[in-house]
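Quick notes on the structure that follows.
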Amino acid sequence: MSEDILQRQKKLQDYLNRTPFADFIGFKCEIMGDEMTAILPFEEKIIGNPSIRALHGGATGAFLELTAMAQLFLLSDEVSLAKPINLTIDYLRQAKAENLYARATVTKQGRRIANVHAEAWQSERARPVATLSAHFLLGSGE
């Protein structure tokens, strides 16, 4: 594994350790080279509907957004996380009271804008519970 990727991994982990929201929801990631799998460990505090034991849609959406930003940071030369311009989240099925996993793919990266797609799943990766399509502003946007 290249020294650059190892340094990016360390910087990403340092950022996540200093991010109160990532800490609050328990965001974790496993990095293998330039591929990252994000993990949202199940906790009672992220239940949105207690009668059906479903995860809160806001927690799911924020988890996907953070996953996309982390993957973009891992693959780019940026010194800070990108800023979201817009994002669309499609909720495909109920997220049950269990761990949530996600992966993001940078579909296009220019000098100022990047497009990212992310999917979250639980027991089967082929059956995502939600997807995200987002555009991010890179650097200062100047």
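Computed quantities for the displayed model
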{"item": "Nearby aspartates and glutamates by direct alpha-carbon distance to residue 10 (threshold 19 angstrom, same-chain neighbours under 8 apart not counted)", "result": "23, 30, 34, 35, 77, 78"}
{"item": "GNM flexibility winner over the chain from 95, 82, 126 (Cα, springs under 10 Å)", "result": "126"}
{"item": "Kirkwood Rh and Cα Rg combined as Rg over Rh, evaluated for the chain", "result": "0.97"}
{"item": "Which of 77, 23, 90, 14 is most accessible, then next, and so on - probe 1.4 Å", "result": "77, 23, 90, 14"}
{"item": "Lysines whose Cα lies under 18 Å from that of residue 96, excluding same-chain neighbours fewer than 8 positions away", "result": "45"}
{"item": "Accessible area of residue 24 in the full protein assembly, 1.4 Å probe (Å², nearest 10)", "result": "110"}
{"item": "Karplus 3J(HN,Hα) series, Hz, for the stretch 7-16 with 6.51 cos²θ - 1.76 cosθ + 1.60 (x for Gly, Pro)", "result": "5, 5, 4, 5, 4, 5, 5, 4, 4, 4"}
{"item": "Reachable aspartates and glutamates from residue 83, criterion Cα separation under 16 angstrom, eight or more residues apart if same chain", "result": "65, 142"}
{"item": "Sequence of 116, 79 when ordered by accessible area, the most exposed leading, probe 1.4 angstrom", "result": "79, 116"}
{"item": "Inter-part distance where the stretch 1-54 and the stretch 55-73 are each reduced to a Cα centre, Å", "result": "9"}
{"item": "Probe 1.4 Å - accessible area at residue 76, Å² to nearest ten", "result": "10"}
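The values are calculated or read from the model by the stated rules, or taken from the named source; none is laboratory data. Since this is a predicted model, take the numbers as computed values, not measurements. SASA here: full protein model, heavy atoms, side chains in, ligands and nucleic acids out. Shrake-Rupley method; radii C 1.70, N 1.55, O 1.52, S 1.80 Å.
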